[in-house]
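To start, the structure under review is shown below, and the notes come after it.
The values are calculated or read from the model by the stated rules, or taken from the named source; none is laboratory data. On a predicted model such as this, the values are computed, not experimentally measured, just so you know. Here Cβ is always computed from backbone atoms with ideal geometry, including for glycine, and neighbour counts include all displayed protein chains. In case anyone asks, the SASA skips ligands and DNA or RNA and just uses the protein heavy atoms, side chains included. Shrake-Rupley method; radii C 1.70, N 1.55, O 1.52, S 1.80 Å.
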Amino acid sequence: MGFQGGVADEESGTQLSTKSKFRYNSPLVQVSLIGLVCFCCPGMFNALSGMGGGGQVDPTAANNANTALYSAFAVFGILGGGIYNVLGPHLTLAAGCSTYVLYAGSFLYYNHHKHQAFAIVAGGLLGVGAGLLWAGEGAIMTSYPPPNRKGTYISLFWSIFNMGGVIGGLLPFILNYHRNEAASVNDATYIGFMCFMSAGTLLSFAILPPNKVVRDDGTRCTNVKYSSVSTEGAEILKLFFNWKMLLIVPAAWASNFFYSYQFNNVNGLLFNLRTRGLNNVFYWGAQMLGSIGIGYILDFSFQSRRMRGFVGIGVVALLGSAIWGGGLANQLPYSHDHPPTRLDFKESAFAGPFVLYFSYGLLDAMFQSMVYWVIGALADDSQTLSRYSGFYKGVQSAGAAVAWQVDTHKVPLLSQLIVNWSLTTVSYPLLVLLVMLAVKDDKKTEEETPKEATVPASNKDIYTANST
C-alpha cells in the first residue's frame, strides 16, 4: 500500500503531496476539527471553571453543579464509548456539545436569581453530554493518526483545544478589567462563552466517521460497522476486569482531581477577578507548551516506542514532583481560616504564585497527554479505543466528583494538596508497568500494520472526501 501511495505522489508531483496533507478526509484535518470542537465547548468550560466558582463570589453553586456534572460524567464517560460505536460521531458529538451551552446559560441565570437548582440540573446534563463528547474525542484522537505519530497528533489536539481556554481567559479579563474589586463576572462574559459553545455544536457535524478517514499510506482508519447495544454493553462490562484498564485507574482518578484545588484554592483565593482571567490565559497557554513538549518526547526521542514511553513517564514524574513541591511551599502560609490578601497582576508579589499556577497548567497537559499516548499505544482500532477512552474519562470524572465535594466541605487546603500530589505519584510506576507489559515497539507494529490494515482506499478516496 505504502509503495503505491509513493508512486502516486511521484507521478503527480508536489501538488498531490500538498493535497494529501490537508485533504478533508485526512487524519490531520479530522484531528484538527475535533480540536476546534473542543476549543469551543470544553475549552470555554475550562476557562469558566478556571476562574474559580464559575465566575461567582461564592463557589458553592459551582461546586455543587460540578459534583452533579462529574457524577453523571463518571457513568456516561464509561458508557460513552459504546454509545459512540452505536450512533457514530455526528449524533454523539452534537448531543454532547449542546449541553455546554445550557451549562453556561445556567450561570447567566444565576447572576440574576441566585438559585442553585438550574445550575445543578445543567451540570448533571453536561455530565451526560461531556461523557459522549470525550468518548468520541478519545476515539478520534487515538485511532485516526498513524501508530507511530500518535504523540504528535495528541499534542496537536491538545494545543488547539487549550487555545479555547486561552481565548476564554481573555474574555473575563477584558470584560471585567475595570471591575478589579468585583466578585462575579458580568453577563457579557457568560454570553460570550455561550456563543463559542454554540459554534462548537455546529462544527461537530464536520467530523467524518472512521471508515471514511484515509491515512497517507492509503489505508482507512478502520473498517468496522457500527456496533449494537448488546455488544457494547458486554464489552464495557469487560473493561472492569481488563488488567490494562485497572493499571490506568489511579492515573485516571488523579487527572482531574486536582482541578478543584488549583482553580478554587490557588487561582480563586490568591487573585482578584481580573487577574484570575489573566492567569487562565497563561494556565491554558502552558498546556499548549506542555502537550507539544511531551508529544515530541513520546514520538521522536528514541527509536523504540517502549523506551519513549518510559522516558516520557519519567520526565513527567520528575517535573510533577518539582511543581507539587513548589505548590507545598506556596500553600503553607495560608488556609481556609487564614485566607490571603487577593493579588492583582500589577503587584510585585504576583510573580511567584503566577509562575506556580502556570506550572500547574504545564503539568496537567503533560500528564494527560502521556496517559492518552499510553491508551493509544494499547490498540489501533476505533471501537476498542473509544471504549478505553470512555473508561478513562469515566474514572477521571468519578474522581473529579469527589474532589469538588471535598472542596465544598472545606477540607484543609494542605490536605488537598498532599492527596493530589500522592495520587499522581502512585500512578507513575503503574504506567511504567503497563508500557512494559502491553506496548509493542514500532518495528513490530509496522510489520503487523500492512496485514491488519483494512479496506485499501482508491486514489479517488485518498484525495476526495466523501460527504455525509
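Miscellaneous remarks
- For the chain, the convex hull spanned by the alpha carbon atoms encloses 136 Å³ per residue.
- Helical content alone sets the calculated 222 nm signal of the chain at -25000 deg cm²/dmol, taking -39,500 (n - 2.57) per DSSP H segment of four or more residues and averaging over every residue.
- Using distinct alpha-carbon pairs, which all enter the 1/r mean, Kirkwood radius of region 231-440 in Å: 18.1 Å
- Excluding exposed DSSP-loop GluC sites (Glu not before Pro) (at most 13 other C-beta within 10 Å), longest clean stretch of the chain: 1-180
- Applied to region 89-94, the Karplus parametrisation 6.51 cos²θ - 1.76 cosθ + 1.60 on θ = phi - 60° returns per-residue 3J(HN,Hα) values of x, 4, 5, 5, 5, 5 Hz, with x for Gly and Pro.
- Accessible surface of the chain, 1.4 Å probe: 67 percent of it comes from carbon and sulfur atoms.
- On a per residue basis, the chain carries 38 Å² of accessible surface, using protein heavy atoms and a 1.4 Å probe.
- Placing +1 on the Cβ of every Lys and Arg and -1 on the Cβ of every Asp and Glu, with no other charges, gives region 231-440 a dipole of roughly 160 debye about its Cα centre.
- Most to least accessible of H338, H115 (protein chains only, probe 1.4 Å): H338, H115
- The H on the amide N of L343, modeled in the peptide plane, is under 5 Å from the matching H of F271, N272, each at least 5 residues off or on a different chain.
- Links that overshoot a 25 Å alpha carbon limit, given the list K114/K393; K150/K440; K238/K440; K150/K212: K114/K393
- Modelled FRET efficiency - R0 22 Å, C195 with H115, Cβ distances, 0.05 increments: 0.40
- If you wrap region 90-236 in the convex hull of its Cα atoms and look at it from every side, the mean projected area works out to 11.3 nm².
- Projecting the Cα atoms of F300, G131, V316 onto the dipole axis of the chain, where Lys and Arg carry +1 and Asp and Glu carry -1 at the beta carbon, places G131 farthest toward the positive end.
- What you get for the chain, charging only the Cβ of Lys and Arg (+1) and of Asp and Glu (-1), is a dipole of about 140 debye around the Cα centre.
- Dipole of the chain, positive end: most advanced residue of F350, G77, G151 [Cβ charges, Cα centre]: G77
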